[in-house]
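Down below is the structure, laid out as C-alpha cells.
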C-alpha cells in the first residue's frame, strides 16, 4: 500500500474542497487512500505528490474525472425519503398546474447519482397528468459531478430487487424485464430526464430560466458550513418565486441565514 503523508492528504483535500466543495475529514484518510491506490499503481506513481501533480497538469480532464468517481459515494434508491415524493405529488403538482401558464415545468435533480430520483419524479409526473401530459413540457434536468454515475443513469437499467418495492403499476407500465436479474425503464420515462455533468461549486449557475422545484438531497452532507451557505444562496437565486427546494432529512438549513421559508421537514419555499 502506498501511504499518504499528512501534508499530501491536506494538499489533496484542499484541492477537492476548493474545486468540488467536498470536505474530506481527517478520518477519511484511510478510505480515500484505499480508493485511490489502484489509480496510483496503474499510472506508476510512487507517492501521492506525483499523483497530485498529475491531476493538476492533466489537460484532458480524465484524471479529475477518475478522482471524482473514486472519492464520491453514490448511495441512492427509488422512493428514498418517500414523504418528499408524496408532497411533490399531492401538493406541488396540483399547485403548479394552476399557476404555470406556459405548461413548462422546470424541475432540477441536483446530485442525481444513478438516476433513481429523477426517474421517480418522471413516473409520478406521468401518472399525475395522464393523457394531458402531451400538452406539457415535463422534462427533468438531472446533474452530477460523476460521469460514471451519469453513464449508469442514462441506461435506465436496474436490478429487479431494486424495483421490487415500487407500485405494481409502475413495474408493469414503466419497466421491461431484460432477464431474471435486471429490468430497463421504458423510453417514455427515460427520455423525460436530461442528464448533464455539472459542478455545484460553479460561481454562478448558467440556467436561462429559473426552476419551480429543485431536489438536492443528501449532497450537502459532504460540504462544510460556508459551502452549504453559498450553495443554498445559489439555489435561492435559481428558483422562481413560489418555487421549492428539497434537501435530505439528515440535512438542515439555518433559517436565520436564508430567505427560504420552511414548509415541512427538509422542504423550503422561495416567497
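What to note about this one:
- Unmet requirement for residue 51, which otherwise passes all of (1) crowded, with 16+ Cβ neighbours inside 10 Å; (2) more than 19 Å from residue 10 (Cβ to Cβ): (2)
- On inspection, residue 78 fails the criterion of being at pLDDT 90 or above and assigned to a loop (DSSP other than H, G, I, E, B).
- Entry remark, segment 214-236: residues being without any contact (Cβ under 8 Å) to a residue 60 or more places away in the chain and surrounded by fewer than 20 Cβ atoms within 10 Å (Cβ to Cβ) number 8 in total.
- Which numbered condition residue 174 misses (of (1) surrounded by fewer than 21 Cβ atoms within 10 Å (Cβ to Cβ); (2) farther than 19 Å from residue 268 by Cβ): (1)
- Residue in segment 31-43 that is part of a loop (DSSP other than H, G, I, E, B), closer than 21 Å to residue 219 by Cβ and not assigned by TED's automatic domain parsing to the domain that holds residue 145 present: no
- From the list 114, 120, the one residue that fits, being in contact (Cβ under 8 Å) with a residue 12 or more places away in the chain and assigned to a helix (DSSP H, G or I), is 120.
- Residue count, segment 55-89 (criterion: loosely packed, with under 15 Cβ neighbours inside 10 Å, free of Cβ contacts under 8 Å to residues at least 24 places away in the same chain and over 30 Å from residue 265 (Cβ atoms)): 6
- Of all the listed residues (185, 259), the sole one being more than 29 Å from residue 71 (Cβ to Cβ), in contact (Cβ under 8 Å) with a residue 12 or more places away in the chain and touching a strand residue (DSSP E or B) at 6+ places or on another chain (Cβ under 8 Å) is 259.
- Residues of segment 58-71 classified as within 14 Å of residue 12 (Cα to Cα) and out of contact with any helix residue (DSSP H, G or I) (no Cβ under 8 Å at 6 or more places or on another chain), total: 0
- All of (1) closer than 27 Å to residue 19 by Cα; (2) in contact (Cβ under 8 Å) with a residue 12 or more places away in the chain hold for residue 165 with one exception: (1).
- Complete set of residues in segment 234-249 that are within 17 Å of residue 207 (Cα to Cα) and at pLDDT below 95: none
- Residue within segment 95-104 that is buried (at least 20 other Cβ atoms within 10 Å of the Cβ) and in contact with a helix residue (DSSP H, G or I) (Cβ under 8 Å, 6 or more places away or on another chain) present: no
The values are calculated or read from the model by the stated rules, or taken from the named source; none is laboratory data. Here the structure is a predicted model, which means the values were calculated and not measured. With ideal geometry, Cβ positions are generated from the backbone for all residues, glycine too; neighbour counts draw on all protein chains shown.
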